[in-house]
Amino acid sequence: MTAAVADARLCLPATAESVAVARQLVAGICDALDVPERLAGDVKLATTEACTNAVVHAYPDGARSMDVEVFVRQEELIVIVRDHGVGIAPRTGPRGLGLGLPLIAALCSRVAIQEAPGGGTEVVMTFALDGDEADGDDEGTPP
Amino acid sequence: MPGRASLDPAHVNVGQISEDRLDGVAIVALEGEHDLSTAPELRSQLHGALAEGPLVVDLSACTFLDSSILGVLLGGLRRAREEDRGFALVLGTGEPAVRRIFEVTGLTSVFPICDARGAAVEKAREAP
């Protein structure tokens with residue numbers, strides 16, 4: 001997926017103020033695609049949670065950047081949030097409720113959390129556009 | 001154009017927080033979209049209000065909230081219980097996305113939730 005050309009891509013400072021900008025990007029795409037309101041809300045929330053994770057956890061030594069990419073396929077909307085920070089590691093410290101990733105998993109059709117090319121973390125969130133509600137019981141990418 | 005999203009940071013909908021008081025109960029009301037960027041201000045407002053007495057957080061004009069805000073609300077609820085203060089939320093009926101995050105996380109059964117401000121004020125005055 002990461003080698004493909006995104007239909008929309010933003011590179012943002014990994015700051016709290018950028019999260020709303022990323023949310024507006026996916027909201028605008030959902031609007032253009034006439035995505036049902038509930039699914040559009042799920043896309044906005046999952047994207048917000050992934051960006052928040054990047055802002056809060058990726059850069060303990062100071063904010064750098066995060067990328068948000070959106071791919072629209074026939075039956076799917078795919079949102080990738082990528083940081084270039086410390087990568088996947090056990091959480092330390094008291095920040096946050098730890099609800100972000102479980103929420104993402106509940107809202108997407110599929111989610112993959114993996115090491116980003118060159119380091120960091122990318123969260124690949126896939127939403128079915130065929131009218132089925134996300135059931136949240138899929139734990140990863142299909143084979 | 002109503003409903004159109006803008007990527008211009010100057011036009012991104014920034015949530016507003018206001019405070020009011022009714023029958024001795026502080027009412028902190030959220031309007032618009034709230035996330036990590038407004039969570040510190042909300043935390044400060046809740047702590048300040050709970051130092052004075054019972055608290056209602058009115059989410060009926062809130063159009064979006066995330067787990068950062070849920071965390072602040074849970075912190076407020078915990079603080080209210082520790083300090084024997086009444087605490088209630090107004091979810092209203094306007095924004096399905098706001099109700100949905102409570103349902104997905106199972107927190108509808110954790111918070112005292114009312115549909116209207118008046119009922120929430122009564123609940124906050126009765127509690128704990």
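The values are calculated or read from the model by the stated rules, or taken from the named source; none is laboratory data. Computed from a predicted structure; not experimentally measured. Cβ atoms come from the backbone with ideal geometry, glycine included; neighbour counts cover every protein chain shown.
Side notes on the structure shown:
- A:Arg23 being more than 7 Å from chain B (Cβ to nearest Cβ) and basic (Lys, Arg): yes
- Verdict on A:Val43 being in a loop (DSSP other than H, G, I, E, B), more than 9 Å from chain B (Cβ to nearest Cβ) and within 16 Å of B:Ala97 (Cα to Cα): no
Rundown of residues vs (1) touching a residue at least 12 places away in the same chain (Cβ under 8 Å); (2) under 11 Å from the mean Cα position of the chain (by Cα); (3) at the interface with chain A (Cβ under 10 Å from one of its Cβ atoms), yes/no style:
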residue	(1), (2), (3)
B:Leu50	yes, no, no
B:Val56	yes, yes, no
B:Ser68	yes, no, yes
B:Gly76	yes, yes, no
B:Glu95	yes, no, yes
B:Ile113	yes, yes, no
B:Arg117	yes, no, no
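- For first residues located in segment A:95-112 and more than 9 Å from every other protein chain (Cβ to nearest Cβ), partners that are surrounded by fewer than 18 Cβ atoms within 10 Å (Cβ to Cβ) and at pLDDT 95 or above and lie 6+ apart or on another chain with Cβ distances below 7 Å form the pairs A:Ser109/A:Ala128.
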